[in-house]
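*Asks:* Once you've had a glance at the structure underneath, I'll fire off some questions.
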Amino acid sequence: MEFYALFFNSYHYTIQYSECSPSSRLEWIGEDVFGLTTYESEHIITLASGCLDLAIQIASKTHKADCVQYYATINLPFFMNNTNWGASIRSAWFEPLMFDNVFWTEDGDQIPKLKIPQDRVLEFFESMLEFSKRSD
């Protein structure tokens, strides 16, 4: 699966079919991928950026569990449902990611269930970061 195309298609179909379309790619990532709600685009974008940064850090095993931002983010539902802490919250890692009705195919079909295997989680989030920065 090519993740960039998955994000591209999903973002554009969300805009096409949603009553409240996201104003940016990071807003879509915040709302649809991370499940954040604020009703304020600039806040969603800030939170989504922090979530995406932490997701990449956890997936690449470079996170530092020594700040309030880490603890606040790791306790969000997306991270609670997709990470395992073992014996300590400080040593979180991703389980396979599970998504229900978030993503779309190139043909416009919504994907009811999508599982990202543990060995592709870093690639998934790095592609998401690339997608968030481009404007194609």
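*Asks:* Check whether at least one residue in region 59-72 is touching a residue at least 60 places away in the same chain (Cβ under 8 Å) and surrounded by 14 or more Cβ atoms within 10 Å (Cβ to Cβ), and report yes or no. Break it down stepwise before answering.
*Replies:* Our first condition is that a residue be touching a residue at least 60 places away in the same chain (Cβ under 8 Å); within region 59-72, this holds for 59-60.
Okay, now just the ones that are also surrounded by 14 or more Cβ atoms within 10 Å (Cβ to Cβ), so 59.
So far as region 59-72 goes, yes, one or more of its residues are touching a residue at least 60 places away in the same chain (Cβ under 8 Å) and surrounded by 14 or more Cβ atoms within 10 Å (Cβ to Cβ).
*Asks:* Sticking with this structure for a sec: Quickly run through region 3-58 and pick out the residues that are aromatic (Phe, Trp, Tyr), farther than 29 Å from Ala92 by Cα and in contact (Cβ under 8 Å) with a residue 60 or more places away in the chain.
*Replies:* Tyr13
*Asks:* Turning to a different aspect of this structure: Within region 79-92, can you find the residues that are within 21 Å of Asp32 (Cα to Cα), touching a strand residue (DSSP E or B) at 6+ places or on another chain (Cβ under 7 Å) and without any contact (Cβ under 8 Å) to a residue 24 or more places away in the chain?
*Replies:* The answer is Asn82, and nothing else.
*Asks:* Looking for whichever is over 11 Å from the mean Cα position of the chain (by Cα), closer than 23 Å to Asn9 by Cβ, assigned to a helix (DSSP H, G or I) and in contact (Cβ under 8 Å) with a residue 60 or more places away in the chain here; the options are Phe125, Phe131. Which one fits? Talk me through it step by step, then tell me what you get.
*Replies:* On the way: Phe125 fails: over 11 Å from the mean Cα position of the chain (by Cα).
It is Phe131.
*Asks:* Looking for something loosely packed, with under 12 Cβ neighbours inside 10 Å and not β-branched (Val, Ile, Thr) - is there at least one such residue anywhere in region 23-33?
*Replies:* Within region 23-33, the first condition is being loosely packed, with under 12 Cβ neighbours inside 10 Å, and the residues that meet it are none.
Checked region 23-33: no residue is loosely packed, with under 12 Cβ neighbours inside 10 Å and not β-branched (Val, Ile, Thr).
*Asks:* Out of the residues in region 1-45 that are modelled with pLDDT of 95 or more and aliphatic (A, V, I, L, M), state the one that is farthest from Leu76 (Cα to Cα).
*Replies:* Among them, the one singled out is Ala5.
*Asks:* Output the number of the condition that Glu95 fails; it satisfies all remaining conditions of (1) closer than 28 Å to Tyr17 by Cα; (2) in contact (Cβ under 8 Å) with a residue 12 or more places away in the chain; (3) of a type in the set (Asp, Glu).
*Replies:* Failing condition for Glu95: (1).
The values are calculated or read from the model by the stated rules, or taken from the named source; none is laboratory data. The structure displayed is predicted, hence computed values, not measured ones. Cβ coordinates were reconstructed from backbone atoms using ideal geometry, including for glycine residues, and neighbour counts include every protein chain displayed.
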